[in-house]
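Scroll down for the structure; my scribbles are underneath it.
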Amino acid sequence: MERRNSVEIQAISVDEAVRLALEQLGRTRDEVEIEVLAEPSNSAGGYDEEALVRVTVRGFASQPTGRPSGGRGFAPRPRPAASAPPAHLSGLPVEPDEPEEADEATALAMTITRDLLATMGFTVRVIRQRATLEPDPEEPPTIMLDVLGDDLGMLIGRRGEHLAQLQYLVNLLVNRRLGQWTRVSLDVEGYKRRREESLIGLAERVAKQVARSGRAIQLEPMPPNERRIVHLILRDDPNVTTESSGEGDLRRVAIAPRAAGRGA
Amino acid sequence: MEQLERVVQFIATGLVDQPEEVQVDSRRHGANVNLHLRVAPDELGRVIGRQGRIAKAMRTAVGIAAARQGVRANLEIES
């Protein structure tokens, strides 16, 4: 499993955010670059602004914000020269140069997620999560959030069903407030991330087997977001195709050999 | 069971155009909490959704919050 090289963390103070970031990355302070994206302050809006820091392992460029300096809100401090090259090094896609709304939308999504879960009796931290998969160019960019805290199993539910429902609510609430379509992906303690990583491995193994044997293989039934991952992973595979069949909880992906002569 | 009401209130007011029309009340019967959500009649769709999808998600959220308190929640939506 690949370690993350950069995280953004929100917390009550800069020090606390940095501490949490180091914990997430499994690094020590002298192995990382720290950027303070927002200082804690009391805002008129009723909610105190928390500190937001981006902590990047040295040698891995941090994600460009694609924003002119002098913007309001989470304006980044000038970055050290070392982090100038693009993020290709980390193997993660660079976010397209989106206008400022991207950051406002992210901040709003974080706040709504935290507030919703707070009313439900969960004290959580919400952080940004980096994508593991290349974003689908046909889809709008997704705000990826991870929820951290103690005893959050209930937020995931069987096969991630609770998480899917909560994600749906957060999407509705965020989009009602923004008045524009933005997609929010919600994770809890990296649950979806881990599922994603194991699905990538599974899809690739099964694809190889299908290519070798020439026989189709059906995977176990999976929720929609997981089936989608399998389709995405194998979309460009020259040897196999994927197709879902079945209804509801029994819907599953079959990986089949691609017809000869139709290779990529 | 004020907390469960707050869950419904938070979600419903975030979904409608007339948050002032949102009313939530609850009654407890033993380990069961019956919640009633009322919104402006023309905004019922906003809290129910196509094929009840939003209502279902709201019930999941309230259900999780209830389970955390060791109770069961039942949410009814009316205009």
**OP:** Filter region B:44-72 down to the residues that are within 11 Å of chain A (Cβ to nearest Cβ) and touching a residue at least 40 places away in the same chain (Cβ under 8 Å), then identify the one that is surrounded by the fewest Cβ atoms within 10 Å (Cβ to Cβ).
**Re:** B:Gln69
**OP:** Could you list, in sequence order, all residues of region A:160-193 that are in contact (Cβ under 8 Å) with a residue 40 or more places away in the chain and either more than 14 Å from chain B (Cβ to nearest Cβ) or of a type in the set (Gly, Ala, Ser) (or both)?
**Re:** A:Gly160, A:Ala164, A:Gln180, A:Trp181, A:Thr182, A:Arg183, A:Ser185, A:Asp187, A:Glu189, A:Gly190, A:Arg193
Original post:
A:Ala131 fails exactly one of the following numbered conditions: (1) farther than 28 Å from B:Arg46 by Cβ; (2) touching a Leu at 6+ places or on another chain (Cβ under 7 Å); (3) at pLDDT 95 or above; (4) of a type in the set (A, V, I, L, M). What is the number of that condition?
Top reply: (3)
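Per-residue answers, yes or no, for (1) without any contact (Cβ under 8 Å) to a residue 40 or more places away in the chain; (2) assigned to a loop (DSSP other than H, G, I, E, B); (3) of a type in the set (Asp, Glu); (4) within 13 Å of chain A (Cβ to nearest Cβ):
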{"site": "B:Leu4", "(1), (2), (3), (4)": "no, no, no, yes"}
{"site": "B:Val7", "(1), (2), (3), (4)": "no, no, no, yes"}
{"site": "B:Ile11", "(1), (2), (3), (4)": "no, no, no, yes"}
{"site": "B:Asp17", "(1), (2), (3), (4)": "yes, yes, yes, yes"}
{"site": "B:Glu20", "(1), (2), (3), (4)": "yes, no, yes, no"}
{"site": "B:Val24", "(1), (2), (3), (4)": "yes, no, no, yes"}
{"site": "B:Val33", "(1), (2), (3), (4)": "no, no, no, no"}
{"site": "B:Leu37", "(1), (2), (3), (4)": "no, no, no, no"}
{"site": "B:Asp42", "(1), (2), (3), (4)": "yes, no, yes, no"}
Original post:
Among the numbered criteria (1) surrounded by fewer than 16 Cβ atoms within 10 Å (Cβ to Cβ); (2) touching a residue at least 24 places away in the same chain (Cβ under 8 Å); (3) under 27 Å from the mean Cα position of the chain (by Cα), which single criterion is violated by A:Pro238?
Top reply: (3)
Subject >> Top-ranked residue of region A:76-113 - restricted to ones that are buried (at least 20 other Cβ atoms within 10 Å of the Cβ) and at pLDDT 50 or above, ranked as farthest from the other protein chains (Cβ to nearest Cβ) >> reply: A:Asp103
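The values are calculated or read from the model by the stated rules, or taken from the named source; none is laboratory data. None of the values given here were measured: they were computed from a predicted structure. Every residue, glycine as well, gets a Cβ built from its backbone with ideal geometry; the counts of neighbours run over all protein chains shown.
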